[in-house]
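**Student:** Here it is: the structure, laid out below.
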Amino acid sequence: MMTIQYGIYKNNIYTIDLVNGEIELTSHNPQDKIYGFKEYTDILGKEHPEILIKIVSETEISFAYKLEFKVLYKGEIFLPTAIGKFLLGNDSIPIYSNNIEDMPRYGFERIDKFIFEKEIALNDIDALIEYKVPILKFSDRDTEVNRINKENIREYISNLIE
């Protein structure tokens, strides 16, 4: 299942990576330098001024969670292979199943012995289901489930923090 992790720091939402037991926040907003974000330098020493990172402790973030998604298509639940702003350019979303009966029923194509995939137009989705699953010290909280209806899917995707 496709997941993206987020952390709330100074009332802003950032993507997070867990690196060697540390929490690394990522930003693309130059104004975040006031919070101590630094320009990212990759392992080859190349600087990326458009990517800002900051290492924080778990006590410095007010909440952390991962987003998981499911797609409601023709009344059935499927898993997306990817979620992101790039979907808007394609105007479609790839979904997959491990049920062979989905091949004739919904026109899935076999991509592996037990994996079937189909690219569906965003207009054909009944809804996108978002699961906000608490992580780290917040994992004892309840998962929040949100249904994004067909007419709001494009706006929701365009506002995803990547």
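The values are calculated or read from the model by the stated rules, or taken from the named source; none is laboratory data. Note that the coordinates shown come from a computational prediction; the quantities given were computed from them, not determined experimentally. FYI the Cβ positions are ideal-geometry reconstructions off the backbone, even for glycines, and counts take in every protein chain you see. We work out accessible area using only protein heavy atoms, side chains counted, and drop any ligands, DNA or RNA first. Shrake-Rupley method; radii C 1.70, N 1.55, O 1.52, S 1.80 Å.
**Student:** Determine whether the stretch 98-118 contains at least one residue that is small (Gly, Ala, Ser) and touching a helix residue (DSSP H, G or I) at 6+ places or on another chain (Cβ under 8 Å).
**Tutor:** no
**Student:** Criterion first (touching a residue at least 24 places away in the same chain (Cβ under 8 Å), part of a strand (DSSP E or B) and open to solvent by less than 60 Å² (accessible area, probe 1.4 Å)) does Tyr156 satisfy it?
**Tutor:** no
**Student:** Taking the condition of being basic (Lys, Arg) and under 28 Å from Lys10 (Cα atoms), how many residues in the stretch 39-86 meet it?
**Tutor:** Summing the residues that are basic (Lys, Arg) and under 28 Å from Lys10 (Cα atoms) in the stretch 39-86 gives 3.
**Student:** Identify, please: which residue in the stretch 88-123 is open to solvent by less than 80 Å² (accessible area, probe 1.4 Å) and charged (D, E, K, R) and is, among those, farthest from Tyr6 (Cα to Cα)?
**Tutor:** First, the residues of the stretch 88-123 that are open to solvent by less than 80 Å² (accessible area, probe 1.4 Å): 88-89, 91-97, 99, 102-103, 106-108, 115-118, 120-122.
Next cut, charged (D, E, K, R) only: 91, 102, 117-118.
Working: Asp91: 25, Asp102: 33, Glu117: 28, Lys118: 28 Å.
Selected residue: Asp102.
**Student:** Give me the residue from the stretch 50-66 that is surrounded by fewer than 18 Cβ atoms within 10 Å (Cβ to Cβ) and among the aliphatic types (A, V, I, L, M) and, out of that set, farthest from the chain's Cα centre (by Cα).
**Tutor:** In this case the residue turns out to be Ile55.
**Student:** Let me ask another. Could you tell me which numbered condition Asp142 fails, if it satisfies all but one of (1) open to solvent by 60 Å² or more (accessible area, probe 1.4 Å); (2) farther than 21 Å from Tyr156 by Cα; (3) assigned to a strand (DSSP E or B)?
**Tutor:** For Asp142, the failing item is (3).
**Student:** May I ask you to list the residues in the stretch 66-97 that are in a loop (DSSP other than H, G, I, E, B) and among the acidic types (Asp, Glu)?
**Tutor:** Asp91
**Student:** How many residues are of a type in the set (D, E, K, R) and open to solvent by 80 Å² or more (accessible area, probe 1.4 Å) if we restrict to the stretch 1-37?
**Tutor:** In the first step, residues of the stretch 1-37 are kept if they are of a type in the set (D, E, K, R); the result is 10, 17, 22, 24, 32-33.
Subsequent filtering for residues that are open to solvent by 80 Å² or more (accessible area, probe 1.4 Å) retains 10, 22, 33.
So the count comes out to 3.
**Student:** Then there is this: So Val71 passes all but one of these: (1) β-branched (Val, Ile, Thr); (2) closer than 24 Å to Tyr131 by Cα; (3) loosely packed, with under 14 Cβ neighbours inside 10 Å. Which condition number does it fail?
**Tutor:** Only one criterion is unmet by Val71, namely (3).
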